[in-house]
Structure formats: C-alpha cells, structure tokens
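The values are calculated or read from the model by the stated rules, or taken from the named source; none is laboratory data. Here the structure is a predicted model, which is why all the values come from computation and not from measurement. Using ideal geometry, Cβ is built from the backbone for each residue, glycine included, and neighbour counts are taken over all protein chains shown.
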C-alpha cells in the first residue's frame, strides 16, 4: 500500500495552480514530498508549478535533505531572474524529506504548511508562515495584523536571505528538523486547504481522523472537499460572493 496520498480541489478559481510531487533517491532510501501553491490563476502558472515541484522533489531526495534541495532550486531560479520576478511564475513552496534513520527535515519559502499528526490525535504545526501577518502580528495597541494573503518569500524570487531578513525579519528559505517519536502522519497543505479550517475554529487533527487513516486517499480528498465547503459557507455568511481558493494536501504515513 502506498504510504502517501494527495488530493486537490480547484474551488472557484479557473485553474488549479497548486502542485505536488514525490520522489525517492535510489540506493539512499530518502524520499521527498513537495507541495507548491502557484501565484496567480493562469495555465502558464499551472505548468510552471508542476515542473518546479518535480525539480524540488528530485533535488531534495538526492541530497537527503529538505533545505539543501530547496535552496538549490531556489538559487537556480534566482539566477535566471536577477532583476526580480518580472511577471514570471512563482509559488509558495514546501518540501519534507524522510530518511531511513527516521529523520524528517523540512524547508519552505511561503505559506504552505506542514503538520505532524501524532498518535494521540494532536496536530503540531511544524512551519511558520512567510506572510505579512507574521511580520506584523496583531497586538493590543494595534489589533489589525498584516495581510496573510501577502506572502513575503516564494520560489521564483530573486531575493537573498539577507534581503528577506532586512525587509521581513526571516530568511528567504527556512528549515526545521524533526525527530518523530512513535507512529505519526505528515500533512502538507496549501493555504486554501488549511485556512478554512483555521477560520472556522476546527481541529485539523480531528478532521483528518474522522474516518481514520486507513485510506489515505479518501481522507485527503475529504479534507480538501471540506476546505472548499467551509470557504464557500464563510463567504455566504459574510454576505460576499462565492469564493474558494485552490485547496491541495499531501498526506503521508511516517
């Protein structure tokens, strides 16, 4: 049985611009899981994110490390765009790499998220968003936070770590290393998948475990369908026009 599954919903957008990729390194036992959230709503973005997702997955699996893999592809695109993106495609990017010794490494640029779903039914967020809400969080004196929809780093940018640190107080690419203890599942999700649950105050781990993790494909599909349903309901209750973002998840058994 394949130890991972992906699911996508287009929502009310015209084009599905999210992408996933999974690649293993022959002889090394490392496996890379990648999710990208393309910036924009156009077929050219869809094509680019699909290609870029595979590039990141291959680079990270071969290096058996998420950060060095993502940085290699980030640097390649940055070198092609020394004067900035200039209308070229870009995407929030997240990669996770597992190795035979049980190590889990993560690296990201943007606001795709990783959650560790532990055996006790808890969801632990492993990443920190690269967006203006993180840069300018709400405070008692200023209760309005920066926009979560304005990301501060992404694959396809030419900004260096120092550029991004100077402007947004975090590097262009961040990373983390996790040592899961006991059985667990890894959830990678675009903002269109996790935000509707977060906005509704729903527990992500509980939603994933509703039918158990036996059928990963069914669980992943049900989660994205729930994302779109919640997004549309929230817009309706707020009196706005129907809108639901692309929603994509990758669910892996560790």
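General remarks:
- Just one of the numbered conditions (1) surrounded by 12 or more Cβ atoms within 10 Å (Cβ to Cβ); (2) touching a helix residue (DSSP H, G or I) at 6+ places or on another chain (Cβ under 9 Å); (3) assigned to a helix (DSSP H, G or I) is not true of residue 165: (2).
- Residue in region 5-17 that is at pLDDT below 95, over 17 Å from residue 70 (Cβ atoms) and over 17 Å from the mean Cα position of the chain (by Cα) present: no
- Residue match in region 191-199 (condition: surrounded by fewer than 13 Cβ atoms within 10 Å (Cβ to Cβ), under 24 Å from residue 130 (Cβ atoms) and under 20 Å from the mean Cα position of the chain (by Cα)): yes
- Unique match (being touching a residue at least 40 places away in the same chain (Cβ under 8 Å), under 23 Å from residue 245 (Cβ atoms) and not in a strand (DSSP E or B)) among 100, 82, 137, 89: 89
- Breaking point among (1) over 22 Å from residue 246 (Cα atoms); (2) surrounded by 14 or more Cβ atoms within 10 Å (Cβ to Cβ), for residue 107: (1)
- Lone unmet requirement of (1) under 14 Å from residue 164 (Cβ atoms); (2) over 16 Å from the mean Cα position of the chain (by Cα); (3) in a loop (DSSP other than H, G, I, E, B) for residue 128: (2)
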